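Novice: The structure follows.
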Amino acid sequence: MVFKTDKNITASASKLRGYIGNTFKDHFLLHNHYENNFIYSYPLIQYKIIQGQASILGIDEGAKLLKEISSDITELKLDKTYDVESKIIYESDVDVNTSNEVYHYKFITPWLALNEKNFQKYKDLSSYKESKVFLNKIIIGNILSMSKGLGVIVNRKLIVKSRLDPVTVKYKSVDMKGFTGEFKVKFRIPSFCGLGKGVSQGFGTIIPVYEER
């Protein structure tokens, strides 16, 4: 669901998540909390701010919920109030699974690959090649985690090839190392889904790269 607002949005996706989650507190999928406990699974609702435009991705039950609440969202109270002039809903069925075809993806928001544990391992690597192999394994792990959360069984080995560049981003008000770039893998991932940390807040959002054949 893409929002057309009266002005470009300058707030973060976490602000969007906070506003929608507080507005519709009874729907735990919107904020990933149930009875004061955080739900540690792949989020079926993901909030994005891309080029000044707000959007919310819903998967499976999340998609149904977005349709239910869409007419009730007339403004977005973030860093300021944005009037919602219109909403566009795009819907598609995607077979999320391994493939015989190589798919090429691009991160359009920074990918947060590293947590406290693997950040230290990453820092200790001595060569570019080691770093690349390490990050490729994390992408594979992220795909497997997403698959598990969506109930998809991955029954073959995945191999990732990537071109990644480090960037510094703020996550929960803390500076963290993120990555931009592209990767290829024999796996179908829906457009605008996220991988890695902070997926519900718009990090690690991917789109397919279509190559000339």
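The values are calculated or read from the model by the stated rules, or taken from the named source; none is laboratory data. Remember, predicted model here, so these are calculated numbers, not experimental data. With ideal geometry, Cβ positions are generated from the backbone for all residues, glycine too; neighbour counts draw on all protein chains shown.
Novice: Within the set of pairs 6+ apart or on separate chains, which have a first residue in segment 184-200 that is hydroxyl-bearing (Ser, Thr, Tyr), a second that is assigned to a loop (DSSP other than H, G, I, E, B), and C-beta atoms under 7 Å apart?
Specialist: Within 7 Å, the pairs are Ser200/Asn32; Ser200/Pro43.
Novice: For the condition aromatic (Phe, Trp, Tyr), crowded, with 16+ Cβ neighbours inside 10 Å and either closer than 12 Å to His104 by Cβ or not assigned by TED's automatic domain parsing to the domain that holds Asn115 (or both), what is the one hit in Phe187, Phe203, Phe192?
Specialist: Exactly one of Phe187, Phe203, Phe192 is aromatic (Phe, Trp, Tyr), crowded, with 16+ Cβ neighbours inside 10 Å and either closer than 12 Å to His104 by Cβ or not assigned by TED's automatic domain parsing to the domain that holds Asn115 (or both), namely Phe187.
Novice: Between a residue in segment 102-124 that is on the phi < 0 side of the Ramachandran plot and at pLDDT 95 or above and any residue that is outside any strand (DSSP E or B) and surrounded by fewer than 17 Cβ atoms within 10 Å (Cβ to Cβ), which pairs come within a Cβ distance under 7 Å, given they are 6 or more apart or on different chains?
Specialist: Final answer for the pair search is Tyr103/Arg188; His104/Val209; His104/Glu211; Tyr105/Val209; Lys106/Val209.
Novice: Follow-up question, since we're still on this one. Can you name the strands (runs of 3 or more DSSP E) wholly within segment 1-113 that have at least 1 residues being of a type in the set (Asp, Glu) and in contact with a strand residue (DSSP E or B) (Cβ under 6 Å, 6 or more places away or on another chain)?
Specialist: The qualifying strands (runs of 3 or more DSSP E) are 75-77, 81-88.
Novice: Right, here's the next one. Which of the residues spanning segment 158-177 are modelled with pLDDT under 95, in contact with a Phe, Trp or Tyr (Cβ under 9 Å, 6 or more places away or on another chain) and either under 24 Å from Ile45 (Cβ atoms) or part of a loop (DSSP other than H, G, I, E, B) (or both)?
Specialist: Val169, Tyr171, Met176
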